[in-house]
Amino acid sequence: MGVQNDVLLDYFDDNSRFADLFNGVLFRGRQEICPEELEEASERYTQREGGGGKRKKGKIKYRILFRDLKKRLKDGGTLRILALEAQDRVDYSMPLRCMNYDVQEYLRQMRRLQSRNEREMAYETPAEMLCRLRKGDRLFPVYTICLYHGMEEWDGPRCLKNMMDFGMHKGSFDACFKDYAFHLVEVNRPMEYEHFHTPVREVLEILPLRADREEMRRLINDRQEYRKLDKETMEVIVTMTGNRKLMEDLEAYRTSEESYDMCEAMKGIQEEGIEIGRELGIEQGIRGMAELFQELGLPDERIIGKLSEKFSMSRQKAEKMLAGIKR
């Protein structure tokens with residue numbers, strides 16, 4: 001897991017932002033999930049590895065699975081499980097991977113029900129005793145979002161059906177297949193940003209423009225929200241867009257105790273870029289003149305003297321530049 005994954009998961013661990021992401025993606029902005037009803041639910045799943053057949057004693061292996069971010073939604077007497085997976089690379093197993101996470105959650109719930117039923121021994125029929133579940137037992141539903149923030153276009157499967165090989169008779173068997181879809185959010189694809197009502201919108205809106213600084217600058221200048229970002233939002237934008245200058249001096253763009261100005265930050269980056277360009281242009285001009293002196297057959301000593309004289313350059317720097325040209 002990379003730095004960008006870490007910073008995104010830390011950002012969405014906040015209940016208000018987590019709820020806003022799920023409301024925007026699943027419910028088109030309707031406020032179905034209240035942040036106050038969310039609680040932490042990060043857990044590990046233990047999955048038994050290996051298929052059938054004989055095993056030697058002590059050779060059973062287990063694998064530990066961790067959700068990136070999981071929360072419980074308590075809505076009255078109802079419980080729902082909401083999970084977020086952050087992904088920075090295309091994963092061609094993602095539908096199956098998300099399904100496996102969901103299945104492990106359902107199995108965990110089922111085992112707890114079975115343990116309770118075993119303790120209480122409240123079975124009413126042989127069928128209940130056989131599976132150790134009572135007729136009225138129910139599981140809590142799981143909703144998983146995969147947030148893909150890689151720079152490459154997602155060319156992987158978008159549902160379990162995309163991973164299947166139906167062979168020659170695809171038409172007949174394809175229609176009978178019970179699919180398992182997952183919610184894929186590709187941040188590089190424009191979406192309906194008005195569905196988000198927290199600074200999550202500013203984060204998602206800027207991410208498709210990471211490779212186009214000019215368009216990014218226009219967006220930041222056009223929307224006043226970028227002039228008053230909270231620190232966490234400023235940090236996640238800075239990290240996700242790879243602005244090293246801002247990472248080094250983030251506090252320079254703080255306008256108050258709780259507000260940062262992304263517009264001023266972009267101006268600083270632009271001015272720094274112009275200055276770097278100017279410096280590179282001057283250096284290329286000096287190198288070009290030194291190369292011309294060489295072609296004219298001037299001795300090294302005279303070239304060094306002319307560079308020092310014309311460009312107020314130290315002898316040591318002129319010697320170093322000439323040595324670089326000669327390599």
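The values are calculated or read from the model by the stated rules, or taken from the named source; none is laboratory data. Everything quoted here is computed from the prediction, not taken from an experiment. Positions of Cβ are generated from backbone atoms using ideal geometry, with glycine treated the same way; all protein chains shown enter the neighbour counts.
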Regarding the stretch 183-193, can at least one residue be identified that is of a type in the set (Asp, Glu), in contact with a helix residue (DSSP H, G or I) (Cβ under 7 Å, 6 or more places away or on another chain) and within 25 Å of LEU26 (Cβ to Cβ)? no
Which residue pairs have Cβ atoms under 6 Å apart, sit 6 or more places apart or on different chains, and have a first residue in the stretch 1-30 that is closer than 21 Å to LYS74 by Cα and a second that is of a type in the set (Ser, Thr, Tyr)? SER16/THR198; ARG17/THR198; ASP20/THR198
Looking at MET110, is it within 29 Å of LYS161 (Cβ to Cβ), at pLDDT 95 or above and under 21 Å from the mean Cα position of the chain (by Cα)? no
Report yes if some residue within the stretch 239-251 is over 21 Å from ALA83 (Cα atoms), crowded, with 21+ Cβ neighbours inside 10 Å and touching a strand residue (DSSP E or B) at 6+ places or on another chain (Cβ under 7 Å); otherwise report no. no
Pair list, Cβ < 6 Å and 6+ apart or interchain, from the stretch 219-243 residues that are more than 17 Å from VAL3 (Cβ to Cβ) to residues that are surrounded by 17 or more Cβ atoms within 10 Å (Cβ to Cβ) and of a type in the set (A, V, I, L, M): ILE220/MET262; ILE220/MET266; TYR226/ILE220; TYR226/MET262; LEU229/MET262
Residues within the stretch 218-273 that are at pLDDT 85 or above and assigned to a loop (DSSP other than H, G, I, E, B), tallied: 3
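Scan the stretch 113-146 for residues that are part of a helix (DSSP H, G or I) and either closer than 26 Å to VAL25 by Cα or among the hydroxyl-bearing types (Ser, Thr, Tyr) (or both) and report the count. Break it down stepwise before answering.
First pass over the stretch 113-146, keeping only residues part of a helix (DSSP H, G or I): 113-120, 126-131.
If we keep only those that are either closer than 26 Å to VAL25 by Cα or among the hydroxyl-bearing types (Ser, Thr, Tyr) (or both) too, we end up with 115.
Qualifying residue count, the stretch 113-146: 1.
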Looking only at the stretch 171-202, and only at residues there that are surrounded by 12 or more Cβ atoms within 10 Å (Cβ to Cβ) and among the basic types (Lys, Arg), the one that is nearest to ILE237 (Cα to Cα): ARG201
Could you check GLY150 against (1) at pLDDT 95 or above; (2) in a loop (DSSP other than H, G, I, E, B); (3) of a type in the set (Gly, Ala, Ser) and say which number it fails? (1)
If I filter the stretch 180-195 for residues that are over 20 Å from the mean Cα position of the chain (by Cα) and more than 26 Å from ALA86 (Cα to Cα), do I get at least one hit? no
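Kindly provide the set of residues from the stretch 65-112 that are part of a strand (DSSP E or B) and charged (D, E, K, R), ordered by number.
Filtering the stretch 65-112 down to residues part of a strand (DSSP E or B) leaves 65-66, 69-75, 78-87.
Answer for the stretch 65-112, where residues must be part of a strand (DSSP E or B) and charged (D, E, K, R): LYS70, LYS71, ARG72, LYS74, ASP75, ARG80, GLU85.
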